[in-house]
1. What FRET efficiency comes out for the pair Y22/N78, r = Cβ-Cβ distance, R0 = 45 Å, nearest 0.05?
2. Excluding C559 itself, calculate the net charge of residues whose Cβ lies under 13 Å from the Cβ of C559, where each Lys or Arg counts +1 and each Asp or Glu counts -1.
3. Viscosity 1.567 mPa s, temperature 4 °C: give me the Stokes-Einstein translational D for the range 362-447 in µm²/s, with Rh taken as the Kirkwood radius over C-alpha pairs.
4. When Lys and Arg each count +1 and Asp and Glu each count -1, what net charge do the other residues less than 14 Å away from D461, Cβ to Cβ, add up to?
5. Could you work out how much longer the chain between S467 and I515 gets when fully extended? Use 0.36 nm per residue separation minus the Cα distance between them, nm to one decimal.
6. So for the range 479-518, taking the charge dipole from beta-carbon charges (+1 Lys/Arg, -1 Asp/Glu), which of L495, S482, A511 sits furthest toward the positive end?
7. Based on the mean of other Cβ atoms within 10 Å per residue, sort peptides 89-102, 537-550 so the most packed one is first.
8. Among T89, F103, A121, pick out the residue whose Cα is farthest towards the positive end of the charge dipole of the range 83-129, where Lys and Arg carry +1 and Asp and Glu carry -1 on C-beta, about the Cα centre.
Amino acid sequence: MNLRKYFIRALHRLQKGPGYTYKELLVWYCDNTNTHGPKRIIKEGPKKKLIWFFLTLLFASLVFWQWGILINTYLSYNVTSSLSIGFKTMKFPAVTVCNANPFKYSEVKHLLKELDRLIEAALERILQPTPGNSSEKSLTPPLNLELWHQIPLVLIDEHDKDNPVILDIFESNQAAGGNHTSVGNKTADGNQTACSHQGSDNCTYRNFTSAAQAVTEWYILQSTSILSKVPLQERIRMGYQAEDMILACLYGAEPCNYKNFTQIYHPDHGNCYIFNWGMDEEALNSSNPGAEFGLKLILDISQQDYIPYLSSAAGARLMLHQQKSFPFLKDQGIYAMAGTETSIGVLVDELERMGYPYSDCTMNGSDVPVKNLYSQYNTSYSIQACLRSCFQNHMIETCGCGHYMFPLPEGVNYCNNEDNPGWAYCYSSLRSSIRHRQICIDSCKETCNDTQYKMTISMADWPSEASEDWIFHILSYERDMSTNVTLDRNGIIKLNIYFQEYNYRTISESAATTIVWLLSSLGGQFGFWMGGSVLCLIEFGEIIIDSLWITIINIISWCKGLKQKRARAQYPDVPPTVSELVEAHTNLGFQHEDAGTLPRDQVLPPEPGTPPPNYDSLRVQPLDILSPDSDAE
């Protein structure tokens, strides 16, 4: 019962409102608030009142302006980077070594035979561009120009800058073309052409300032089409085997051999071998810094068996990376030159980025919309893997086949000239498309935690002239069990990889602005300009609530008044009073003797104590009359 009374009183209190008008509420706030300025507005004279009103409005505007800047700064989620240096026993990095040449020429020569004859004839025409000076017409058997017509090479003669002449290498006639421009200042520049299909005018051109660059790129593109049809196991067999390439291995004081390396196939470099990858066993720790505690390798790259038009650089390609990560040697690898001893001192940088909303990084790639095609190697996520997977996905969607240099999803084949005649045009268009490139950049994310290896590289000739005789004899005997020297300076590489020191640097991000910073900055600005505090804000909130309360009550009263006006318009007569209703009942003939002569609807009820009549009683509807007291309650 008490609870009901409480709710009734609370309801009546809500109906009454705060009991102020807007003016009274504003005066009460200015007189009671702890904020400086409003009190002076109501207590000073007319002139000072105007000055204080202007100053209060000005400083309140400055407060809100500063608050907007502070909130915008907080919502920008800026970070600060801090550098710390630590000392600990560290895991030795994974080391990937490859040959700069992906295949032994003796193993793939039969596949590239027609392509080699074609490029040799093209080089002859490039060196002797005048028609009739070349000898490819006398070649037996004749050249297979089918590959050439799909992706031809042309020369651009710029003796006349305004009207350059385009020369097809295997065509005797010359055509003038003002729409083709050359790159550079050479008289004859290389130009690679790829068309959607043979004889089509829908072509794309790649210009080169040197014919050497054009020939190399053209040969790589054509060999890609040929090698894409070769099964993976056959390509592995045609590459350099670990027992032939890795002649000696020593990690710290422990001997090792090619069996301690994990073999993977890399499209750019063929067979690659990874030491300390951490896939099948725990990663190795380095006991101490210095060259004597690192990894020492002697490699044979067999330079005499290089493919002449595919690999113009000779040496070993190597890369240091984290365990269980895929090595992207084309982006992050370095070369080691033949006939040298290369020493690589390593320093470690650990990067720790903050995640969303401070940066758009990912922990493991699970929130990246691109399907990682490199997951088939059971490797961790990296932005390089994401970008290449994104490009391969676009290649499959656009061209209907995948590029040879990237992994394939299930059910898709690599592009080749036989099954996909226009793949080179599609690939070139996609490669030069800024829109597709930007889509991949926007889709891929950096990893939040990363480890980078900074290398200091030094080289020296190895072996020296005084020691090369006995070193080559020993290495040749150990590999081939022969007393004859089968190795030479052009194929031998020695590598020393070690930690320079155990100091590692950690570059970590932290939030530049926190919620504590935001609250203190907001309070500082409010206190500086207006002398306010949190309680002043509560007072301001209170007056806002009261103003809304008064507004709601006024709206309800206005609605009630509008409803009463509509009712009066529907019933224009004035309603009878209580005395008039009583008099009307009396005049109906309550004392008439002949009640039976009255109409049935005019017969009054009998007096108390008399038996009820035989006709139905009249039913008088009660009138709900609210007393002034109940309304006041």
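The values are calculated or read from the model by the stated rules, or taken from the named source; none is laboratory data. If you're wondering where the values come from, they're calculated on a predicted model, not measured in any experiment. Every residue, glycine among them, receives a Cβ derived from its backbone with ideal geometry; neighbour counts consider all protein chains shown. For accessibility, only protein heavy atoms count, side chains too; no ligands or nucleic acids. Shrake-Rupley method; radii C 1.70, N 1.55, O 1.52, S 1.80 Å.
1. Numbers: r = 43 Å, r/R0 = 0.96.
So the FRET efficiency works out to roughly 0.55.
2. Working: positive: K560, K563, K565, R566; negative: none.
Summing Lys/Arg as +1 and Asp/Glu as -1 gives +4.
3. Details: Rh = 13.4 Å.
For the chosen part, D equals 97 µm²/s.
4. Numbers: positive: R489, K494; negative: E341, E465, E468, D488.
Around D461, the surrounding residues sum to -2.
5. Working: separation 48, 0.36 × 48 = 17.28 nm, distance 6.88 nm.
Additional length available on full extension: 10.4 nm.
6. Selected residue: S482.
7. On the way: 89-102: 22.9, 537-550: 14.0.
Ranked from most to least packed, the peptides come out as 89-102, 537-550.
8. Working it through, the farthest residue towards the positive pole turns out to be T89.
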